[in-house]
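Participant: One structure follows; several queries about it will come next.
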Amino acid sequence: MNQVIEALEQRRSCRSYTDQPVDPKKLEQIVEAGLWAASGMGRQGTRLVVVTNPDDVAALSRMNAQIMGSTNDPFYGARAVIVVLTNPENPTCVEDGALVMGNLMNAAHALGVASCWIHRAKEEFESDEGKALLAKWSVEGTWRGVGHCILGYAAEGGEQAGAERKPGRVTYVK
Ligand SMILES: Cc1cc2nc3c(=O)[nH]c(=O)nc-3n(C[C@H](O)[C@H](O)[C@H](O)COP(=O)(O)O)c2cc1C
């Protein structure tokens, strides 16, 4: 089978990570893949914040858990988080951000790095605390959160087998 298709089939969400930090060179390559995502009208209106500072990862995790009403770590111990933000003025802002997220996760898999999309970035960066974090990171302007791509190395059992693909989801019109 074609290598790209095989890789897409084998990527899984990881929900348990080792303590090993993500190789910075791999992190850069993953970020680069995100920047190459297609965007509506080629606007490139997304912004990526690569968070590896343990205090800031912990702050994001806490805020995310609060939104869910949980006390568990929604980042599952991942050591790196790429926050994908998007310019809310663009009509394709959410689609553009989602495509960046897809590129990040697939690139991570291709490089042997485990990942998962963690949601609730919208709520996080609508809050005063989220806005204060953006200011602290010198991310100026108005941004809508799309997702967090958490990254790390899979602990045992961190990745479950993929579910069977649901049938009846494709119509070929010839
Ligand atoms: C929009 C979106 C939001 C998601 N949010 C979360 C989340 O908050 N927490 C989580 O553990 N997984 C989250 N996921 C991961 C999905 O649960 C996962 O992709 C799905 O179960 C399929 O598993 P797979 O990625 O291994 O194929 C999200 C995925 C998407 C696309």
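Here, each number is a calculation from the coordinates, and none is a lab measurement. Because the structure is predicted, anything quoted here is derived from the model rather than measured. Note that each Cβ is placed from the backbone with ideal geometry, even for glycine, and that neighbours are counted across all protein chains shown.
Participant: Classify region 15-152 as rounded, prolate or oblate, taking a ≥ b ≥ c as the square roots of the eigenvalues of its Cα gyration tensor: rounded when a/c is under 1.5, otherwise prolate if a/b is larger than b/c and oblate if not.
Facilitator: oblate
Participant: Here's another thing I want to ask about it. How big is the charge dipole of region 1-91 about its Cα centre, in debye rounded to the nearest 20, if each Lys and Arg gets +1 on its Cβ and each Asp and Glu gets -1 on its Cβ?
Facilitator: 120
Participant: Same structure again: Please give the charge dipole size of the chain, origin at the Cα centre, charges +1 on K and R Cβ atoms and -1 on D and E Cβ atoms. Round to the nearest 20 debye.
Facilitator: 500
Participant: On to the next question. Can you tell me the length gained on complete extension of the stretch residue 92 to residue 174, counting 0.36 nm per residue apart and subtracting the Cα distance?
Facilitator: Between residue 92 and residue 174, full extension yields 26.6 nm more.
Participant: Using the crude model of +1 on Lys and Arg Cβ and -1 on Asp and Glu Cβ, and no other charge, please compute the dipole size for region 49-146 relative to its Cα centre, in debye to 20.
Facilitator: The dipole magnitude comes to about 220 debye.
Participant: Something else now. Between residue 8 and residue 41, 0.36 nm times their residue separation minus their Cα-Cα distance comes to what?
Facilitator: Between residue 8 and residue 41, full extension yields an extra 9.3 nm.
Participant: Return the sequence-ordered ³J(HN,Hα) values of region 127-135 in whole Hz as given by the Karplus equation 6.51 cos²θ - 1.76 cosθ + 1.60 applied to θ = phi - 60°, using x for Gly and Pro.
Facilitator: 7, 4, 5, x, 5, 5, 5, 4, 5
Participant: How do 85, 111 rank when sorted from fewest to most other Cβ atoms within 10 Å of their own Cβ?
Facilitator: Taking fewest neighbouring Cβ atoms as first place, the list is 111, 85.
Participant: If you count, for each residue, the other Cβ atoms within 10 Å and average over each peptide, how do 63-76, 139-152 line up from highest to lowest?
Facilitator: The most tightly packed comes first, giving 139-152, 63-76.
Participant: Rounded to the nearest 500 deg cm²/dmol, what is the calculated helix-only ellipticity per residue at 222 nm for the chain, with -39500 (n - 2.57) per DSSP H run of length n ≥ 4?
Facilitator: Only helices count here, giving -12000 deg cm²/dmol.
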